[in-house]
Amino acid sequence: MSLKYVIKEGTAGFKRAKLAVTTSIFSLFIAVLLLGILGRVSYNVYTQAMSLKEIQIEVFLFDMDERSVEEVRNQIEGEELVTNVVYISKDSASVIAAKELGAGVTELIELNFLPASFKVEVNTDSGSELVESLASRIQNIRGVDEVEYNRALLKALESNLSIFSLIGSGLGILILLAAVVLVYNTIRLTIYAKKDLIRAMKLVGATNGFIRSPFIVEGIIQGLIAGTLAVLSVFAIFEFLVPIYIPDVGIVAWPFGRWYFLVGAMVGLSVLMGWWGSRLASRKYIAETYISG
Amino acid sequence: MSETSVIELRNVSLSFENRRVLNNIDFKLHNGEFTYLIGATGIGKSSFLKLLYRDIVPDTGTVRVTDYPVNKISMKEVPMLRRRLGIVFQDFQLLQDRNVFDNVAFALQVTGEKPKFVKQRVLEVLTMVGLSHRRKHMPKDLSGGEQQRVVIARALANEPRILLADEPTGNLDPGASKSIMDLLKQINNRGMAVLMVTHDYALVKKYPFRTVRMIEGSLQELQWKGDKLVPVK
């Protein structure tokens, strides 16, 4: 099979069926653009939510000597989920309280009634149930008076993140499905526009694989063009339009901090859909085309 | 298959839309033979040709074209069969977006021939059909007769052993029809078997060759007796 011929025919298809090709590229572009926006927004929402989820448990202690404090610290640090433990003495607690509550409560704070405590940081991947059981284990350590953490916020974040992930994935799958159907049908249109060419090729004894190859090259090129346009649009939207027209949103970062992950995924997906759509559509249509019409 | 026949049908039956088109027929086309297939419109002459280039398969019987048992080969072998055949239709089936040279070259490019050979062979067949001077013209700039010549050139490009022509003069005026018939005769004189479907009795009379009539699902050999075609006894 002549590669030169296949590439020449594949690119010539753009001139021969302009409307069908434009429709095909446009539908691919819309699909990949939507997926790109969804990907970038989802990543940012997710990382924001994860940073909120950083859990801190406050462990208030009874009055005790330094050795006992160290024993409690050792036991807490021995827990698998615990990533960091900071001790706040009675004096430090008073200073912090004075700072937070203001001058009006100075006399009250001078009574030095606030207990010493530990601020315990927990692995952010821990679910609420694990945190709950950790809290109850800490509560049972000798010398611990009370254990506090924001149960409600953790549970709300947890359930909202699951819902968000579900909606995000569902939306992504829906867009992908719609895109695949759209791409398949528009590429079928492109192929249908060339039914005379297919009949003539069959007439002179071209194999189905040979007939298919220019369409597949065309599908890949369509995917490449649509993917590039979608990437440029995502860039324009998040680097120029959002900062100018919706500045409150702030910076919507590239996923994983690098532009090329999303760009690569978008162009790759677009090319894949172009290839797949043209392969499927041409396979079916060519098999169903008869020389005699 | 007998050694001299390039097409052989045995006990072939074909139904189409609940109508029996062919009823247990036998047929042979010999090497280098010119045969007309005539019959009323819609009787099934084109279906007969479709059986040969495997656009359809018979209900029963066997169809052989050169070495190919047409109704038994896999779909992958069908393109190889078609390369042994030159096929010409009434509607020219030229690609309107490419010139005469490219329309003919296309037949060789799809079979993977090298560009140098393609160029040489295309000029050869265009010269044969008398159109080498029109090679850069687009199909729309050609007359009907010229377009049909391009189609014949394309059909000949792969040096087939058999030319199947389905009403090749059907859309042409008498002058153009004559030039196409002269060309087909010339091709036949070079040793290629030609099976031509037509209902133009004037042409059949003017260029007398073996004539077979399709009638009520059967094939009937005919011969000229005076001005009339009559069944061979």
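Before moving on, here are some points about what is shown:
- Quotient of the Cα radius of gyration of chain A and 2.2 N^0.38 Å, N being its number of residues: 1.63.
- Residue order, fewest to most beta carbons within 10 Å, for B:78, A:59: B:78, A:59
- Among B:194, B:12, B:100, the largest mean-square fluctuation in a Gaussian network model of chain B (Cα springs under 10 Å) belongs to B:12.
- Crossing angle, helix B:100-109 versus chain B [Cα axis fit, 0-90 degrees, rounded to tens]: 70
- Positive-end residue, the range A:56-148 charge dipole about Cα centroid, Cβ charges, pick of A:94, A:140, A:81: A:94
- Angle of helix B:174-189 to the longest C-alpha principal axis of chain B, folded into 0 to 90 degrees and rounded to 10: 80°.
- Over 24 Å between alpha carbons, listed pairs A:194/B:72; A:284/B:45; B:76/B:185; A:194/B:136; A:202/B:50: A:194/B:72; A:284/B:45; B:76/B:185
- Selection of trypsin sites (Lys or Arg not before Pro), the range B:56-140, meeting DSSP coil and at most 15 other Cβ within 10 Å: B:72, B:136
- Going from the residue with the fewest nearby Cβ atoms within 10 Å to the one with the most, A:290, A:5, A:245, A:46 rank A:245, A:290, A:46, A:5.
- Value of [θ]222 nm, deg cm²/dmol, for chain A, DSSP H segments ≥ 4, -39500 (n - 2.57) each, nearest 500: -23500 deg cm²/dmol
- Percent of Cα-Cα distances greater than 31 Å, calculated over the protein assembly as shown: 64
- Take the Cβ atoms of residue B:96 and residue A:177, set R0 to 30 Å, and the FRET efficiency comes out at 0.20.
- Under 5 Å from the amide H of residue B:197 lie the amide H atoms of B:37, B:165, B:166, B:167, each residue being 5 or more positions distant or on a separate chain, with H modelled from the backbone and absent for Pro and chain starts.
- Amide H to amide H distances under 5 Å link residue B:57 with no residue, where only residues 5 or more positions off or on other chains count and H is placed in the peptide plane.
- Over the Cα atoms of the range B:123-230, the radius of gyration divided by the Kirkwood radius equals 1.00; this is the Rg/Rh ratio.
- The Kirkwood hydrodynamic radius of the range A:188-247, based on inverse pair distances between different Cα atoms, is 14.3 Å.
- Of A:170, B:129, A:10, farthest towards positive along the dipole that unit charges on Lys, Arg, Asp, Glu beta carbons give the protein assembly as shown: B:129
- Inter-centroid distance (Cα atoms) of the range B:20-50 relative to the range B:120-173, Å: 24
- Of A:23, B:41, B:60, the sequence from fewest to most neighbouring Cβ atoms within 10 angstrom is B:41, B:60, A:23.
- Peptides ranked, highest mean first, by Cβ atoms within 10 Å: ranges A:233-243, A:277-287, A:209-219: A:209-219, A:277-287, A:233-243
- Computed from Cα atoms, the angle from the helix A:208-236 axis to the main principal axis of chain A rounds to 40 degrees.
- Over the range A:56-148, volume per residue of the alpha carbon convex hull, in Å³: 93
- Theoretical ellipticity at 222 nm over chain B - DSSP helices of four or more residues, -39500 (n - 2.57) apiece, nearest 500: -9500 deg cm²/dmol
- Value of D in µm² per second that Stokes-Einstein yields for chain B, Kirkwood Rh from Cα pairs, at 20 °C (1.002 mPa s): 117
Since every read-out is calculated from the coordinates, none of them should be taken as a lab result. This one's a predicted model, so the numbers in the text were calculated from it and none came from an experiment. With ideal geometry, Cβ positions are generated from the backbone for all residues, glycine too; neighbour counts draw on all protein chains shown.
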